1. Check which residues have an amide H placed less than 5 Å from residue 84's amide H, if you skip close sequence neighbours.
2. What distance in nm separates the two pseudo spin-label positions at residue 79 and residue 194, each 7 Å out from Cα along the beta-carbon direction?
3. Using the alpha carbon gyration tensor of the stretch 86-127, what are the three equivalent-ellipsoid semi-axes (square root of 5 times each eigenvalue), largest first, in whole Å?
4. Quick one: if the Förster radius is 41 Å, what FRET efficiency do residue 93 and residue 182 give, using the C-beta to C-beta distance and rounding to 0.05?
5. Rounded to whole Hz and in sequence order, give me ³J(HN,Hα) for the stretch 89-99 from the Karplus expression 6.51 cos²θ - 1.76 cosθ + 1.60, θ = phi - 60°, writing x for Gly and Pro.
6. How do 114, 141 line up, fewest other C-beta atoms within 10 Å first?
7. Please report 205, 105 as a ranked list, fewest other C-beta atoms within 10 angstrom at the top and most at the bottom.
8. Within the stretch 71-101, what residues put their amide N at less than 17 Å from the label point 7 Å along the Cα-to-Cβ vector of residue 112?
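Every number in this text was worked out from the coordinates using simple rules, so none of it is lab data. Here the structure is a predicted model, which is why all the values come from computation and not from measurement. Counting neighbours? That spans all protein chains shown, and the Cβs are built from the backbone with ideal geometry, glycine included.
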Amino acid sequence: MSDRAQGQEVFAGIARRYDTLNRVLSFGQEQAWRRRGARWLPPGKLLDLGSGTGAALPVFGDRVVVALDPVPEMLALNQASVKVVALGEALPFGDESFDSVFSAYVFRNLTSISETLREIHRVLRPGGKAAVIGLGRPKGSFAAAVHRAGTAVVLPLAGAVVGARREYAYLHHSLDKLPPPEELFAGGPMEVEKIWRMGPLGFVYGALLGK
């Protein structure tokens, strides 16, 4: 099974439990981490890339939101008025369709970061912004090793509590897929305006990108 198919199967299987477990695992901070990224975005039309169940909708204020996700089971629980089943690597929108793009906890599950960034750049209007909130390993080898050892135990255990041990074991391994954001977004089509760290040991990052 491909990484893309495996990832979609994982999220289809845990759709109804996903938000609750994320709140527990983040000590209730995952919405604050989303809000910190969304506050930098301009008003207008926003693409929520990897919207899932729509957990981020409350942080967008009065923006016009289009929710996009490749997993129909997740979007079925989403309260956005416009929902699109599609991939970040092939956005089904015309050029310069959005004032902003938001994506939280999604990039480590993409098949191609470079293609997704090119698509984000394409659909953004001149002066548009993209905010990405992502998960990875903390900076520094010692902190990363401590975090890796912790998630190897905590994520499968948390998954077992809700009957999704295999799915959350996959999420543990996905944290090692990507380089740090300073490398991930360097040299791409978007200008890196700022990067910040959040969460215990800084395993959550935020990146603001401009067109």
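1. Amide H to amide H, under 5 Å and 5 or more residues apart or across chains, residue 84 pairs with 67, 68, 69.
2. With each label point 7 Å from Cα toward Cβ, the separation is 2.9 nm.
3. On the way: eigenvalues 61, 24, 15 Å².
Result for the stretch 86-127: semi-axes of 18, 11, 9 Å.
4. Once rounded, the FRET efficiency stands at 0.90.
5. With the stated coefficients, the stretch 89-99 comes to 6, 8, 6, x, 9, x, 4, 6, 8, 10, 7 Hz.
6. Details: 114 13, 141 9.
So the ranking, lowest neighbour count to highest, is 141, 114.
7. On the way: 205 25, 105 22.
Least crowded to most crowded, the residues run 105, 205.
8. Output list for this probe position: 86-93.
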